């Protein structure tokens, strides 16, 4: 969610790491005792990151894209299932342990930056430390710029209409790409969160320029892009399809927004799910993203989905959205994992062990998904036999 939308309805409550290797990813018991396995991970070399390429041995292995699939560096499909984490609620080693215990395999890590006219690396002094918390434990990480607004003020210019801000934006990302270029388990770069206040006709050309800029520094790592108007599923339309074959197309799912972002009004009753909506209405809204994927043969990713835990029926909403994402084989990152210290625990989007109800619902979604994965052919055994 963008900084602007957070102001309207704040979501969250108001020695280097080893190289990628399956041996470092432990088999763990989930909270309900289910024997889970981190999905589709094998030993491999960096040279296998992109078929036909021969990167230097010192380069970390990266994911790649094959039509609608995201592939591990050894060429097997991987489906992201994980959580958003945020710089304003700094992640901890306990967060990482809890996330891994659930069986998640990725983190969409969000950071913010306040432009001033000249890039200031001091604003990102925490970034590598936060990212390494996850990568050192074998979690794939998608670094994502959550907010980029001069002085943090609305209407102070943006990267689409202010050349100086666009230049500082690119300088900032040049710094990040070089800072993390040797970091393993970087799943993808996500240049900006929830583009808004920009016309569709300007967004695609802007992305083309940004992607070309990224590719001059990093030609291998996938890039995540999102549609206009806060990146709803309905924005995955033909205007967004670009030529770079190593892209992941993301959407965010908060339908219906008036329900998922509902505050406690004093003068009208609370909305309730399913109420006038239900799973069929959610499926219809999500169908635009599914059609985009199937028509263009590209991967799509639900980079955010969540609901305020104070909303009546929120557990059913989570179950319905989670089941739709799994039915359509869409990778996802729930919004959001955080330990809130200053906001009411039952009126926020966040998930953690202390919020036992939402924790139980999302952990069940993950357990069911991982259980379904285990019924599929074991690519690791096939590889061992081939060897």
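FYI, it's all coordinate maths here, none of it is from the lab. From a predicted model like this one, the values you see are computed outputs, not experimental measurements. FYI the Cβ positions are ideal-geometry reconstructions off the backbone, even for glycines, and counts take in every protein chain you see.
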* **Extended-chain gain in nm, criterion 0.36 nm per residue less alpha-carbon gap, residue 178 and residue 279** => 32.0 nm
* **In nm, spacing of pseudo-spin labels at residue 59 and residue 237 (7 Å Cα→C-beta vector)** => 3.7
* Mind ordering 191-198, 139-146 by average Cβ neighbours within 10 Å, highest first? -> 139-146, 191-198
* Want the number for residue 272 to residue 201: 0.36 nm per residue separation, take away the alpha-carbon distance, what's left? -> 21.9 nm
* Estimated distance in nm for a label pair at residue 347 and residue 66, the labels positioned 7 Å out from Cα along Cα-to-Cβ -> 5.0
* Asked: Going by how many other beta carbons lie within 10 Å of each one, how would you line up 78, 186, fewest first?
  -> 78, 186
* To do: Please list 170-177, 204-211, 70-77, 224-231 highest first by mean number of surrounding beta-carbon atoms within 10 Å per residue.
  => 224-231, 70-77, 170-177, 204-211
* Structure fact -> Cα-based Rg then Dmax for the stretch 91-161, in Å, read 15.0, 44
